[in-house]
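Right, one structure below, let's go through it.
The values are calculated or read from the model by the stated rules, or taken from the named source; none is laboratory data. Because the structure is a prediction, the values reported are computed rather than measured. In this analysis, Cβ positions are derived from the backbone assuming ideal geometry, glycine residues included, and neighbour counts consider all displayed protein chains. In case anyone asks, the SASA skips ligands and DNA or RNA and just uses the protein heavy atoms, side chains included. Shrake-Rupley method; radii C 1.70, N 1.55, O 1.52, S 1.80 Å.
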Amino acid sequence: MDMKKQSVGFYTTACSAILAVVGLIAYLINCGTDYFSNLGVNPAVVACLVIAVAVQAVYLVVTQKGTPIWTDVLPVAASVLLVVATLLFVSVRINGIASIMTFEGNAKTMADLTSAIVGIAGCLAATIVSVAASFFDTTKA
């Protein structure tokens, strides 16, 4: 892979994949916190994030040797998976977030809440960067 041949789309897609991995790690850490551990790990959140990162990796590899027409769907698919993962992450944490913010706010629960917010922010940032990356080519002509 010739790094001089890479374009903005390559770097933004790679950045999105890294942010998605950060979001996944933060989600898994948050699932192990005292406050949120009783909810367990939502397999749909994990699956969407893992598949989105895999789709982005496939996209980066395949587009290095030309851009077949079918690769146009890959950035869209990754973005959709990231949106779904982010929304699912928020939906499984929203009750806990509201409870901590209103009734159960102490140092321990706020630390647990912080890891949830970091994970949600990572997923949201990955989504935004993925959408932006879909507008750019991965290689220079």
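Restricting attention to the chain, the count of lysine pairs at 8 or more positions apart or across chains with alpha carbons under 15 Å apart stands at 5.
Sorting 120, 94 by solvent-accessible area of protein heavy atoms yields 94, 120, largest first, with a 1.4 Å probe.
Remark: the chain carries 53 Å² of accessible area per residue (probe radius 1.4 Å; ligands, DNA and RNA excluded).
How much length is gained if the chain between residue 72 and residue 136 is pulled fully straight, taking 0.36 nm per residue apart and subtracting their Cα-Cα distance, in nm to one decimal?
Between residue 72 and residue 136, full extension yields an extra 21.9 nm.
Taking packing as the residue-averaged number of other Cβ atoms within 10 angstrom, the listed peptides 61-69, 46-54 run from highest to lowest as 46-54, 61-69.
A simple charge model with +1 on the Cβ of Lys and Arg, -1 on the Cβ of Asp and Glu and nothing else charged puts the dipole of the chain at about 340 debye relative to its Cα centre.
Across q = 0.27 Å⁻¹, the range 1-81 modelled as identical point scatterers on its alpha-carbon atoms has Debye log10 I(q)/I(0) values of -1.28, in the order of the q list.
Mark the label point 7 Å from the Cα of residue 91 along Cα→Cβ and return the residues of the range 26-49 whose backbone N is within less than 19 Å of it. In the range 26-49, the label zone of residue 91 (backbone N under 19 Å from the point 7 Å along Cα→Cβ) covers 27-28, 31, 39-49. With N as its number of residues, the chain has a Cα radius of gyration that, divided by 2.2 N^0.38 Å, comes to 1.18. Summarised as an ellipsoid, the range 96-141 has semi-axes of 37, 9, 4 Å, derived from the eigenvalues of the Cα gyration tensor scaled by 5 and square-rooted, with the largest first.
Accessible area, 1.4 Å probe, largest first: how do 5, 140 sort?
Values: 5 85, 140 115 Å².
I get 140, 5, largest accessible area first.
What is the percent carbon and sulfur in the accessible area of the chain, measuring with a 1.4 Å probe over the protein chains and ignoring ligands? So the carbon and sulfur contribution to the accessible surface is 75 percent.
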